Every structure is written in structure tokens, then in C-alpha cells.
Amino acid sequence: MADRDIVRSLIPDTDQVFGDNGDQYIFEDDQIDNFLIAGGGNVLRDAALASMAVGSSEAIISKIIRTQDLQTNGAQLQESFTNKAKVLFARADAEDAKEGLDYFEIIDYREGWRTYPTELTEYGVIYGC
């Protein structure tokens with residue numbers, strides 16, 4: 001599925017390095033498909049939802065850990081994933097707004113519309129009655 005690959009590249013989740021054998025992605029295909037359903041099929045929204053999920057997971061798992069010369073900050077990492085998600089949501093909204101401008105409608109005013117006499121004109125003045 002092409003949309004699944006696009007979502008994976010936006011997260012990024014393109015390398016199979018997870019799991020015992022190093023042959024798994026961050027998200028399984030079913031999970032990416034769930035993001036596609038939740039995001040309404042818009043790959044930008046789907047990637048934003050996936051980014052928020054990764055950030056939440058990092059915040060839960062990592063927290064703030066400090067050992068000797070190593071320090072991790074899950075909350076800061078979550079914030080960066082959330083900011084990325086906000087950017088993706090904004091891009092998706094902008095694309096949706098552009099799609100709404102791609103149409104126009106022709107209305108035939110002659111059919112069922114009385115265009116004469118003009119507004120505020122007496123009937124007898126125009127037609128000589």
C-alpha cells in the first residue's frame with residue numbers, strides 16, 4: 001500500500017531495526033492502517049497521529065533518566081514529536097482548504113428567475129403600460 005509507505009517515511013519508520021531479529025518496524029502494518037482510518041485517509045494527518053503516538057510512548061517509557069554520563073528526557077522528546085504533529089496537521093488543513101477552492105458552479109438565472117423589470121422599477125414605465 002503506497003499510503004502506508006508515505007506514512008512510514010513521514011514518521012520516520014522506514015528501517016526494520018526493531019524486534020529480536022531486527023526485522024520489525026516501529027509500527028506494524030495493521031497499526032499504520034488504523035492511523036489511515038483514524039486520519040480519514042489523509043497521509044499527513046495519519047503521520048501526525050503516528051508521531052503523537054511515538055511521542056507519547058517515548059514520554060511514558062523514557063521519562064527523565066540520568067545515569068553517570070547519560071541523560072534522556074522523554075518529555076522533551078514528546079514535545080518535539082507533538083510539534084511535528086502540529087506542523088503535519090496544519091499542512092493537512094491547508095491542503096483541505098485548497099481542495100475546497102477547486103470547483104465552481106454555474107447557475108442559470110434565466111430558469112425560474114425573473115430578471116425584469118429591474119428592482120424598484122415600476123412595471124408600466126418599462127413596458128409602456
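Things to note:
- Check on Gly55, in a loop (DSSP other than H, G, I, E, B) and without any contact (Cβ under 8 Å) to a residue 40 or more places away in the chain: no
- Checking each residue in region 1-37 for being outside any helix (DSSP H, G or I) and among the polar types (S, T, N, Q) picks out Thr14, Gln16, Asn21, Gln24.
- Just one residue in the set Asp13, Asp20, Asp5, Asp29 is of a type in the set (D, E, K, R), modelled with pLDDT under 80 and within 29 Å of Asp96 (Cα to Cα); that residue is Asp13.
- Enumeration of residues in region 38-51 that are among the small types (Gly, Ala, Ser), surrounded by 16 or more Cβ atoms within 10 Å (Cβ to Cβ) and outside any helix (DSSP H, G or I): Gly39
- As a summary of the residue check, Ala90 satisfies the conditions (1) touching a helix residue (DSSP H, G or I) at 6+ places or on another chain (Cβ under 7 Å); (2) part of a helix (DSSP H, G or I); (3) of a type in the set (A, V, I, L, M) except for the one numbered (1).
- Tally, over region 63-76, of residues that are under 24 Å from Ile11 (Cβ atoms) and either modelled with pLDDT of 80 or more or in a strand (DSSP E or B) (or both): 4
- Close pairs (7 angstrom Cβ cut-off, 6 or more residues apart or separate chains): more than 29 Å from Ala92 (Cα to Cα) in region 1-23, surrounded by 17 or more Cβ atoms within 10 Å (Cβ to Cβ) anywhere: Phe18/Tyr25; Phe18/Ile26
The values are calculated or read from the model by the stated rules, or taken from the named source; none is laboratory data. A quick note: this is a predicted structure, and the numbers were derived from the prediction, not measured. For neighbour counting, all protein chains shown are included, and Cβ atoms are generated from backbone atoms with ideal geometry for every residue, glycine included.
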